[in-house]
Amino acid sequence: MCLVISTARGPSPGCLDGGPHPAVPAAREQRMVLQRLEVGLVSTDGGLAEFYAKVLELELLPPLAAGPGVVHRAQGAGNTIKVMVPGNAPEIAEPVWPFFAATGLRYLTVHTSDLDGVITRATALGGRVKHGPISLSPSVRMAVLLDPDGNVLEVVAQTP
């Protein structure tokens, strides 16, 4: 509900609900820009960041002390995978399979040019192939992997 108050300077634009007065043009709306998206995992082992760094050929960054624990990071091309290792060991969650049988954040998808290399590196470092690799189309292949903690990693490769 708008209220217009007349003063010596003329009517004051304002609404009781806090919004602008209809006669006052709204500021030009700008779209929000997502600058970066980082994924955070919780583990009892900071080595999980090293797993992702080696499997996805990312740079392993120095660990950071962060409040209740240490954050280990693997980063490359604007992508960051963070692994928080709390000072007090967290409860180990039971993996859910199939991953879509429960709500919540259940899998991470990465797109790569080297699906077979990712699978080879992951299995050599303690990961497991849960499904695939399969062809979704003549130009798209994918596999579902589990990291050493049991987190689900969907890996997709698309050829032109």
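Tell me which residues, restricted to the stretch 76-89, are assigned to a loop (DSSP other than H, G, I, E, B), out of contact with any Gly (no Cβ under 9 Å at 6 or more places or on another chain) and touching a residue at least 12 places away in the same chain (Cβ under 8 Å).
Gly78, Ala89
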- Candidate set from the stretch 90-111 (those that are outside any loop (DSSP other than H, G, I, E, B) and β-branched (Val, Ile, Thr)); member that is farthest from Ala157 (Cα to Cα): Thr109
- Message: Being of a type outside the set (S, T, N, Q), surrounded by 15 or more Cβ atoms within 10 Å (Cβ to Cβ) and under 21 Å from the mean Cα position of the chain (by Cα) is the filter here; which residues of the stretch 107-129 pass it?
- Response: Leu108, Val110, Leu115, Val118, Ile119, Ala122, Gly127
- Item | Residue match in the stretch 130-142 (condition: touching a His at 6+ places or on another chain (Cβ under 9 Å), of a type outside the set (Ser, Thr, Tyr) and either outside the structural domain of Glu50 (by TED's automatic domain parsing) or assigned to a loop (DSSP other than H, G, I, E, B) (or both)) | yes
- Message: Among the residues in the stretch 59-70, are any part of a strand (DSSP E or B), buried (at least 18 other Cβ atoms within 10 Å of the Cβ) and either assigned by TED's automatic domain parsing to the domain that holds Ser43 or not β-branched (Val, Ile, Thr) (or both)?
- Response: yes
- Query: Say we look at the stretch 32-58 and pick out the residues that are surrounded by 15 or more Cβ atoms within 10 Å (Cβ to Cβ) and under 16 Å from Gly87 (Cβ atoms); which of these is farthest from the chain's Cα centre (by Cα)?
  - Reply: Gly46
- Return only the number of the condition from (1) exposed (fewer than 15 other Cβ atoms within 10 Å of the Cβ); (2) modelled with pLDDT of 95 or more that Ile92 does not satisfy. (2)
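The values are calculated or read from the model by the stated rules, or taken from the named source; none is laboratory data. In this text, all values refer to a predicted model and were calculated from it rather than measured experimentally. Please note: Cβ atoms are built from the backbone with ideal geometry, for glycine as well, and neighbour counts cover all protein chains shown.
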